[in-house]
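Some notes on the structure that comes next.
The values are calculated or read from the model by the stated rules, or taken from the named source; none is laboratory data. The structure presented is a predicted model; accordingly, all values stated were derived computationally and were not measured. All Cβ positions, even for glycine, are placed from backbone atoms using ideal geometry, and neighbour counts span all protein chains on display. For accessibility, only protein heavy atoms count, side chains too; no ligands or nucleic acids. Shrake-Rupley method; radii C 1.70, N 1.55, O 1.52, S 1.80 Å.
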Amino acid sequence: MDNELENNAVRMDEAQRPAPPQPGAENVQEARKLRPLPDDAVIILPVRNVVLFPGVVVPITIGRQRSRAAAQHAVRMQKPVGVLLQRNKDVEEPGPDDLYWVGTTANILRYVTGPDGSHHVVSQGEQRFRVLQFMEGWDFPVARVQRLEEHSETGPDIEARALSVKQRAVEILRMLPQVPEEMVAGLDNIESPARLADLIAGLMEASVEEKQAILETFDLKTRLDKLLEHLSRRAEVMRLSHEINERTKESIDAKGREHLLREQLRTIQKELGEGEDTTAEIAELEKAIAEANMPEEVEKQARKELKRLARMPEGAGENSMVRSYLDWLVELPWQNPEPAAIDIVEARRILDADHYGLEKIKKRILEYLAVRKLNPSGKSPILCFVGPPGVGKTSLGQSIAKATGREFVRVSLGGVHDEAEIRGHRRTYIGSLPGNIIQNMRKAGTRNCVMMLDEVDKLGAGGFHGDPGSALLEVLDPEQNATFRDNYLGVPYDLSRVMFVCTANVLDTIPGPLRDRMEIIQIPGYTEHEKLQIARRYLVARQLDANGLKAEQCEISDETLLSVIHDYTREAGVRNLEREIGTVFRHVAMQIAEGVKTRVRIEVEDLPPILGPLKFESEVAMRTAVPGVATGLAWTPVGGDILFIEASRMSGSGKLILTGQLGDVMKESAQAALSLVKSRAQELGIDAAQLEKSDIHVHVPAGATPKDGPSAGVAMFVALSSLLTQRPVRSDIAMTGEISLRGLVLPIGGVKEKVLAALRAGITTVMLPARNRRDFEDVPAEAREKLKFVWLERVNDALAAALSSETVDSAA
Ligand SMILES: Nc1ncnc2c1ncn2[C@@H]1O[C@H](COP(=O)(O)OP(=O)(O)OP(=O)(O)O)[C@@H](O)[C@H]1O
Ligand SMILES: [Mg+2]
């Protein structure tokens with residue numbers, strides 16, 4: 001309610017009450033006023049812009065003389081007034097025809113005179129009435145009226161409507177700013193639908209005509225319907241205006257901010273003397289696009305983006321994004337390169353110069369190059385070098401590039417989980433980039449390059465972010481890679497001229513479809529002799545150079561190198577070997593730099609002070625001194641290795657305990673070995689009754705490394721036989737082979753690697769399944785010469801060769 005009104009309001013029974021009529025006054029005016037009203041007549045208060053509803057309190061300003069008289073008389077007589085709306089608010093002296101004939105009687109709660117002399121009444125609506133007849137004879141309008149009783153009718157129709165009205169009203173109230181919660185609660189408390197309708201109609205925002213129409217609707221149901229319609233429209237309007245407000249507010253905020261920032265940027269740029277060269281830059285880009293020799297589609301795209309860039313305001317956020325995109329387009333190699341002539345003789349020379357040995361592999365590479373030479377655009381297979389670390393896979397790739405006169409780039413795929421790493425992110429991301437294929441094309445600077453995809457076996461599996469494997473497939477597939485799509489570039493890129501070479505440590509984890517497209521070339525690892533040669537010819541020279549030494553300043557004998565190979569490294573490749581040689585040379589370099597010596601010769605005895613105590617002593621002899629331990633041969637991703645099978649017995653109930661992180665297949669293999677031993681107990685001289693009363697424990701160190709596969713079967717059988725017969729296993733013998741329950745020895749994989757590992761470990765005799773004879777030719781000649789081989793048909797053959805004839809006390 002109006003505050004001023006409230007402040008100036010004075011209680012009616014105090015000073016502001018109009019003076020009571022003077023008795024005996026002869027004033028005609030007084031007499032007219034005092035004429036008594038008939039019972040069914042009310043004093044009429046015409047109003048210009050208020051529709052009063054029953055139950056609603058409103059302030060009414062009264063300006064006209066007749067209205068003041070009416071209000072004052074009503075107060076004096078303590079009578080209600082009948083409030084009637086004027087049809088036309090501009091009429092000063094409204095007659096009966098200028099008024100609506102339906103209104104509300106009102107009790108005047110206060111009569112207030114403002115400080116400026118204005119008069120107001122605070123009136124509370126009481127009851128609807130209809131005018132029957134206007135009467136003459138008073139200083140104010142008077143009319144005979146019919147008061148209209150409100151029916152207290154209810155029913156589901158009415159209640160449902162009342163509920164909707166209430167909900168709508170609350171909805172609107174909530175959209176208004178600063179509506180007290182009590183008001184909402186107040187609405188909620190109104191029980192009578194008629195009262196509710198009047199209250200809401202009185203308070204709602206609407207034209208007086210609309211309100212009058214509602215007032216005049218006597219049927220409650222229809223009145224509620226009208227009200228509901230009005231409220232719904234109102235709510236919709238408010239919701240819209242609310243939305244519009246929010247939106248304009250937002251856009252004004254954002255725009256204002258951007259404008260401000262841009263202004264600041266412009267000032268800064270001006271200060272720095274920048275910004276003027278934009279046009280020059282655009283011209284430069286234009287020239288670069290023209291010179292880039294792009295395919296039509298790409299050039300069109302580039303020009304489109306350039307146009308966008310030119311139109312963009314200086315310093316717009318997108319500006320740099322478009323610019324770097326154009327940089328990528330311009331700098332990628334697009335032109336069709338001349339197919340470089342391949343000189344096979346020269347290629348052979350380069351391969352030989354870079355790598356010792358590897359005859360078969362070099363031959364295969366040369367064949368591959370010859371095919372490409374004869375048919376440059378043909379779809380040649382993709383080479384994939386598979387082998388343990390440090391055997392020269394990466395460096396072979398580099399040699400191929402050198403031999404064919406191409407650029408070499410390397411893409412590391414180890415741990416790539418996200419397709420986007422290969423194919424790039426869409427340009428809509430801030431800071432997005434092309435994938436590593438396109439990045440490396442830019443690095444190569446020519447489409448005619450050798451691209452090495454390193455560690456394809458370590459490619460992450462497809463998951464949430466798409467499958468990198470399938471993206472790679474598209475890269476490698478000659479049917480698809482002429483139109484390779486990078487998400488960032490958004491235009492096709494032709495990869496068909498690229499010579500792809502892959503590397504992997506293991507075959508199994510290369511995704512199947514990828515493997516199908518590759519020609520696998522296995523590099524098993526080197527023998528001691530080969531390592532010595534590699535060290536002599538390549539590693540020593542390289543490490544001398546790396547440490548700033550001249551050949552004559554440092555000499556290293558073959559024995560010394562062999563000792564490094566033997567005692568300080570145990571690997572299939574030569575990476576650690578090179579590192580250890582480097583350590584030795586650093587030591588020499590120190591001595592020479594300090595001026596202690598000018599020439600150094602390194603002998604075997606000098607190694608321990610430099611490299612520390614021997615890292616790998618022959619542990620085989622030590623381990624296998626007791627019965628129950630056999631030396632097996634295993635294949636691992638880093639080449640072959642030896643492993644020990646240890647068996648022991650304790651009193652128990654015939655259980656078999658297996659430890660050392662054995663996989664299921666290996667566990668089954670242990671069980672099979674035990675069954676086999678039991679079934680031959682008599683033959684082996686084992687007391688079967690005693691076996692029933694013991695538990696057997698088989699352990700395979702190193703316990704923390706998971707192991708699996710069936711190829712330790714023979715070793716398990718030998719270890720168990722050794723344990724139960726108390727005959728130790730010969731310490732210089734190692735074995736591999738799967739066993740069947742009938743005692744047959746079945747073939748296994750990885751013969752080469754296993755034989756090389758045995759040689760490295762100082763083994764002299766290797767037992768292999770007879771059915772692996774055909775793999776023998778793969779075994780390097782050096783190993784074939786140095787080792788003795790025993791070919792196993794049946795497990796008995798293994799026992800005959802491996803168990804020593806003497807028994808020892810198990811307590812030893
Ligand atoms: N046959 C060889 N002749 C000369 N040097 C060799 C030979 N094999 C390997 N090397 C050298 O050994 C080092 C390691 O080789 P490279 O990096 O190619 O190993 P890799 O097989 O790629 O290993 P990884 O699987 O760990 O990537 C290189 O310096 C390489 O020149
Ligand atoms: Mg490598």
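Packing, as the average of other Cβ atoms within 10 Å across residues, places the peptides 660-672, 717-729 in the order 717-729, 660-672, highest first. In angstrom, the C-alpha Rg and Dmax of region 378-518 are 14.3, 43. If only the Cβ of Lys and Arg carry +1 and only the Cβ of Asp and Glu carry -1, the dipole of the chain around its Cα centre is close to 1280 debye.
To the nearest 0.05, what FRET efficiency results for residue 689 and residue 507 with a Förster distance of 45 Å applied to their C-beta separation? Efficiency, from the Cβ-Cβ distance: 0.40. When the charge dipole of the chain is built from unit charges on Cβ atoms (+1 for Lys and Arg, -1 for Asp and Glu) and taken about the Cα centre, the candidate among 425, 264, 109 whose Cα reaches farthest toward its positive end is 425. Can you list the aspartates and glutamates whose alpha carbon is less than 12 Å from that of residue 362, not counting same-chain residues fewer than 8 positions off? Result set, ordered by chain and number: 352, 354. For region 691-699, backbone phi angles converted through the Karplus equation (6.51, -1.76, 1.60; θ = phi - 60°) give residue-by-residue couplings of 4, 4, 9, 10, 9, 10, 10, 10, 10 Hz, Gly and Pro being listed as x. Cα gyration tensor of region 166-243, axes a ≥ b ≥ c as square roots of the eigenvalues: rounded (a/c below 1.5), prolate (a/b > b/c) or oblate? In terms of gyration-tensor shape, oblate. Just so you know, the Cα atoms of the chain work out to an Rg and Dmax of 51.4, 158 Å. Calculate, in whole percent, how much of the Cα-Cα pair population of region 710-812 lies beyond 19 Å. Summing the P(r) tail past 19 Å for region 710-812 gives 41 percent.
Each Lys and Arg Cβ is given +1 and each Asp and Glu Cβ -1; about its Cα centre, region 322-391 then shows a dipole of about 320 debye. If the chain linking residue 804 and residue 599 were pulled fully straight, counting 0.36 nm for each residue of separation and taking away their Cα-Cα distance, it would gain 68.7 nm. Charges were assigned to the Cβ only: +1 to each Lys and Arg, -1 to each Asp and Glu. The resulting dipole of region 672-812 about its Cα centre is roughly 220 debye. For a paramagnetic label modelled on residue 77 (point 7 Å from Cα along Cα→Cβ), amide N atoms under 13 Å away belong, within region 133-163, to 135-145.
Only one residue of 119, 282, 761 has its Cα farthest out toward the positive end of the dipole of the chain, where Lys and Arg carry +1 and Asp and Glu -1 on Cβ, and that residue is 761.
Solvent exposure of the chain, expressed per residue, is 50 Å² of accessible area, with all protein chains present and a 1.4 angstrom probe. Three semi-axes describe the equivalent ellipsoid of region 84-203; taken as square roots of 5 times the Cα gyration tensor eigenvalues and ordered largest first, they are 32, 22, 13 Å. Label sites at residue 417 and residue 610, each approximated as a point 7 angstrom past Cα along Cα to Cβ, lie 4.4 nm apart. For the chain, 449, 554 stand unpaired, since no other cysteine beta carbon lies under 4.7 Å from theirs. Within the same chain, lysines fewer than 8 places from residue 304 are excluded, and of the rest, those with a Cα less than 16 Å from its Cα are 287. Among beta bridges identified by DSSP and lying wholly in the chain, the antiparallel ones come to about 55 percent. The calculated 222 nm mean residue ellipticity attributable to helices in the chain amounts to -13000 deg cm²/dmol, summing -39500 (n - 2.57) over DSSP H runs of n ≥ 4 and dividing by all residues. Taking square-rooted eigenvalues a ≥ b ≥ c of the alpha carbon gyration tensor, is region 81-128 rounded, prolate or oblate, where a/c under 1.5 means rounded and, failing that, a/b exceeding b/c means prolate? It is oblate, given that a/c is not under 1.5 and a/b is not larger than b/c. Among the protein heavy atoms of region 669-774, carbon and sulfur supply 51% of the accessible surface, probe 1.4 Å, non-protein parts ignored. If you roll a 1.4 Å probe over region 354-435 with all protein chains in place, what percent of the accessible area is carbon or sulfur? Ligands and nucleic acids excluded, carbon and sulfur give 54 percent. Between residue 207 and residue 136, what FRET efficiency comes out of the Förster formula 1/(1 + (r/R0)^6) with R0 = 35 Å and r the beta carbon distance, rounded to 0.05? In this case the efficiency is close to 0.65. Here region 555-691 is described by how far its Cα atoms reach on the three principal axes: 75, 28, 23 Å, from widest to narrowest.
For the residue pairs 458/550; 373/393; 79/221, the C-alpha atoms sit more than 29 angstrom apart in 458/550; 79/221.
Between residue 178 and residue 374, the simple label model (points 7 Å from Cα in the Cβ direction) yields a spacing of 9.4 nm. In this simple spin-label model, placing a label point 7 Å from the Cα along the Cα-to-Cβ direction at both residue 335 and residue 249 gives a separation of 6.1 nm. A Förster radius of 56 Å combined with the Cβ-Cβ distance from residue 241 to residue 293 puts the calculated FRET efficiency at roughly 0.45. Over region 417-475, the alpha carbon radius of gyration divided by the compact-protein estimate 2.2 N^0.38 Å works out to 1.17. Think of region 363-481 as having a plus end and a minus end, set by charges on the Cβ of Lys, Arg, Asp and Glu; of 370, 389, 412, 370 sits farthest toward the positive end of this dipole. Surface composition of region 157-261: carbon plus sulfur atoms hold 55% of the accessible area, using a 1.4 angstrom probe and ignoring ligands, DNA and RNA. Along the Cα-to-C-beta direction of residue 229, a point sits 7 Å from the Cα; which residues of region 182-203 have their amide N less than 20 Å from that point? What the label zone holds, given the 20 Å backbone N cut-off, is 194, 197-203.
Measuring against 18 Å, Cα to Cα, the residue pairs 667/788; 531/786; 667/707; 667/754; 655/707 contain 667/788; 667/754; 655/707 as the ones spanning a longer distance.
Here the average projected area of the convex hull drawn through the C-alpha atoms of region 327-422 stands at 8.2 nm².
Summary of packing: across the peptides 305-311, 69-75, the per-residue average of other C-beta atoms within 10 Å ranks them, highest first, as 69-75, 305-311.
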